[in-house]
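Only one structure is covered here, and it is reproduced in the block below.
The values are calculated or read from the model by the stated rules, or taken from the named source; none is laboratory data. The shown structure was predicted, so the numbers you read here are calculated from the model rather than taken from an experiment. Neighbour counts run over all protein chains shown; Cβ positions are idealised from the backbone, glycine included. Surface areas here come from the heavy atoms of the whole protein model, side chains and all, with no ligands, DNA or RNA. Shrake-Rupley method; radii C 1.70, N 1.55, O 1.52, S 1.80 Å.
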Amino acid sequence: MTNRSIAKLFEETAELLELQGANPFRIRAYRNAAKSVLDLSEALSDLAQRSDVDLTKISGIGKDIAFKIHQLLEDGTFPLLEELREEFPADLLKILRLPGVGPKKARVLYDELSIQSVDDLKAAAQAGKVAELKGFGKKTEQSILAGLEELAEEETRFLISTARESADAIVESLQQLEEVKHAMVAGSCRRRKETCGDLDVLVTTSDPEAAMECLATHERVEKVLQRGETKQRVKLDSGIELDLRVVPPESYGAALQYFTGSKEHNIVIRRRAQDRGYKLNEYGLYDGDRLVAGKTEEEVYAAVDLPWIPPELRENRGEIELAEQGKLPELLTLADIRGDLHMHTTATDGTASIREMIEGARERGLEYIAITDHSQRVSMANGLDANRLRAHWKEIRKIREEYSDIEVLCGIECDILEDATMDLPDDVLAEGDWVIAVLHYGLRQPREQIMKRLLNAVKNPYVSLIGHPCGRLVGRRSAADVNFPELFKAAADHGVMMEINANPHRLDLDDIQAAAAKDHGIPIVINTDAHSPENLDLMEFGVDQARRAGLSSADVANTRAFREFRKLIRNHD
Ligand code: DGT
Ligand code: CA
Ligand code: CA
């Protein structure tokens, strides 16, 4: 049991106690315990076994909590938690986490409307019964309905960053087993889709039982859902479920091809096999009973007269035709990236200084960066007005003198205001090296106004890039109503570039939009939007999205040497 799962159970206990109306001190004790456990650098499962360690010496952990930690490590639960779980329907926990609800209101819903499940709540809200409750109202009812919609989305799909981290942890452990030859993630995670429904992991080994047992007892596994001889489904501590399949070595390529998908891509590949008189399934490509191909993916594709197709392209969006004509793009790789043109410092909402960001970028081998803090409208993030921005740029100019091996641009992430004007006057923008224009507020405005804002920004002679153009947050906030063909046409006319924001919560432009931007001849800039040096590592998620869009190094502006990139900056000198 990991510290994370233990903390989760203490948090659940606190929430259930709150529903019960328990003593606030008691509730706080479990909340504090959850927080202390999360802050520990060592695993509780190790600490609890050591005779020289007294758990009650850890801040936030008293005698009672320490005892419950031992129970948790032993049984995976403790009696109080089980009693509380019996007292309330499980969905009530989800309900109290909805925006604008909380434990008090959840309790009212339970008592007054006998709400037992998320579905009950949805029906009641749709029937207008929630708004009639004391302390609720029409607005709360609307936000409950919106929250329920997002919940459904969140529950079924996980961000690629979560999926990757979870998959890597499992695959790494499997690879360490001596008998395991291959262990690899397939499915949407291998295709680097922005969200994954579940994880699909394949293993070839001489000892299937060892691999199955390794997964079943893995510290990241919360629950084994199904277990057979060569198949297992588990739930991981991140909440994502994982399918493991053990396959014979001679089927590895066929299985990898099959379970990588997408389903739509596979349907076409299977049809090509049938057209050639073969049968293709997850065990191999067969001519009658004879196995013709299956050991590698290359073999399988070759048997249907195609070159190997990169997983990121396997969506049946034209990749098979390109492969057939020998026109598959040579996809961009992380190593091609030379610059990162969107990042923050402590001047606004970043956590690191100018110098720390520059050092972080140098350590990662970047040749050029732009420091792009927020403009004044983003007051929540301490956005910069003209005076502060000028002082910030002055400091950047001074500091960058110290570095001869990296170019540092004085930039700004400038808001495009709701009325379509820029958040800072042109004469200020003109003094910088690099201007990104973005929408942050008023994302729900009608299409016409959204387009007026974007087009005004594109026409501004100092704007070089539109940052996170659609403003969505994956699984949390839908995109603004952007007319992309119109935006791309204007951007191409004015020499404005488009961003793929690499943050896994954004990935904006998305894969389809980025491919369309490329078709308009618009250079794409992939940026991390880092708020710390560590965030600079998010670049790979942007590169993966660009690969899904079919982009080559030549389509991406920040793969160029700085002197070439510079020519793409508007207002460059
Ligand atoms: P997800 O998990 O929803 O993000 O998406 P995938 O693509 O990982 O889908 P999943 O986990 O249902 O299945 C993994 C792969 O297995 C899928 O991409 C293709 C293959 N597969 C699953 N079911 C079928 C099927 O009925 N026919 C074919 N041809 N392939 C399938
Ligand atoms: Ca999957
Ligand atoms: Ca699956």
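Kindly state, to the nearest 0.05, the FRET efficiency for Gln126 paired with Arg290, given R0 = 51 Å and r defined as their beta-carbon distance.
Details: r = 58 Å, r/R0 = 1.14.
Given R0 = 51 Å and the Cβ-Cβ separation, E is 0.30.
Rank-order 511-518, 138-145 by packing density, defined as the average count of other C-beta atoms within 10 Å over each peptide's residues, highest first.
On the way: 511-518: 21.8, 138-145: 16.1.
Highest to lowest by the protection proxy: 511-518, 138-145.
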Length-normalised contact order of the chain in % [C-alpha pairs under 8 Å, at least 6 apart]: 9 percent
If you rank Asp200, Asp426, Asp415 by how much accessible surface each has, with a 1.4 Å probe, what is the order from largest down? Asp426, Asp200, Asp415
Inter-probe distance in nm under a simple model that places probes 7 Å from Cα toward Cβ, at Thr333 and Glu564: 1.7 nm
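For region 361-435, give the share of DSSP beta bridges that are antiparallel, in percent and rounded to the nearest 5; count only bridges with both residues there. Before the final figure, lay out each step's value.
Details: 1 of 11 bridges.
Restricted to region 361-435, the bridges split so that about 10 percent are antiparallel.
Step through the table entries Lys8/Lys193; Lys94/Lys134; Lys63/Lys223; Lys8/Lys235; Lys8/Lys105, compare each Cα-Cα distance with 25 Å, and write down the pairs that go over it.
Numbers: Lys8/Lys193 28 Å; Lys94/Lys134 21 Å; Lys63/Lys223 28 Å; Lys8/Lys235 15 Å; Lys8/Lys105 22 Å.
Too far apart for the 25 Å limit: Lys8/Lys193; Lys63/Lys223.
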Straight-line reach from Lys129: which aspartates and glutamates fall under 15 Å, measuring Cα to Cα and dropping same-chain residues less than 8 apart? Asp111, Glu112, Asp119, Asp120, Glu141
Which percent, nearest 5, of DSSP beta bridges in the chain are antiparallel? 45 percent
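Could you work out the relative contact order of region 423-573? I mean the mean sequence separation of Cα pairs under 8 Å and 6+ apart, divided by the number of residues, in percent.
Values: 248 pairs, mean separation 31.9, N = 151.
Result for region 423-573 is 21 percent.
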Hits among lysines - C-alpha to C-alpha of Lys452 under 20 Å, sequence gap 8 or more where chains match: Lys489
Kirkwood radius from Cα pairs of the chain plugged into Stokes-Einstein at 10 °C, 1.306 mPa s, gives D in µm²/s equal to 59 µm²/s
At 222 nm, what value in deg cm²/dmol follows for the chain if DSSP H runs of at least 4 each add -39500 (n - 2.57) and the sum is divided by all its residues, to the nearest 500? -13000 deg cm²/dmol
Which three semi-axes in whole Å describe the equivalent ellipsoid of region 5-85, each the square root of 5 times a Cα gyration tensor eigenvalue, listed largest first? 21, 13, 10
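So how much slack lies between Lys104 and Glu153, counting 0.36 nm per residue of separation and subtracting their Cα-Cα distance, in nm?
On the way: separation 49, 0.36 × 49 = 17.64 nm, distance 2.51 nm.
Length gained, Lys104 through Glu153: 15.1 nm.
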Near Lys57, which aspartates and glutamates are there with a Cα under 15 Å away, not counting those fewer than 8 places off in the same chain? Asp39, Glu42
Between His520 and Ser114, how many nm apart are label points set 7 Å from Cα along the C-beta direction? 5.6 nm
Sorted list, accessible surface of protein heavy atoms, 1.4 Å probe, largest first, for Trp434, Trp308 is Trp308, Trp434
So for the pair Ser41, Ile512, with labels modelled 7 Å out along Cα→Cβ, what separation do we get in nm? 4.7 nm
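What is the mean projected area of the alpha carbon convex hull for region 356-437, to one decimal in square nanometres?
Numbers: hull surface 22.5 nm².
Across all orientations, region 356-437 yields a mean hull projection of 5.6 nm².
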The distance between the Cα centres of region 288-326 and region 18-32, in whole Å, is 58 Å
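Assuming R0 = 22 Å, what is the FRET efficiency of Gln49 and Arg85, from their Cβ-Cβ distance, to the nearest 0.05?
Values: r = 27 Å, r/R0 = 1.25.
The formula returns an efficiency of 0.20 here.
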In region 272-345, which GluC sites (Glu not before Pro) fall in coil by DSSP and have 12 or fewer other Cβ atoms within 10 Å? Glu330
Can you tell me the accessible area per residue over the chain, all protein chains present, probe 1.4 angstrom, in square angstrom? 45 Å²
As an exercise, use a Förster radius of 30 Å and the Cβ-Cβ distance of Asp426 and Arg447 to find the FRET efficiency, rounded to the nearest 0.05. 0.70
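Using only alpha carbons, build the gyration tensor for region 159-246 and give me the equivalent ellipsoid semi-axes, biggest first, whole Å.
Numbers: eigenvalues 76, 38, 23 Å².
Each semi-axis is √(5λ); the values are 20, 14, 11 Å.
Expressed as a whole percentage, what fraction of the accessible surface of region 3-154 belongs to carbon and sulfur atoms when a 1.4 Å probe is rolled over the protein heavy atoms?
On the way: 4140 of 8480 Å².
Roughly 49 percent of what the probe reaches on region 3-154 is carbon or sulfur.
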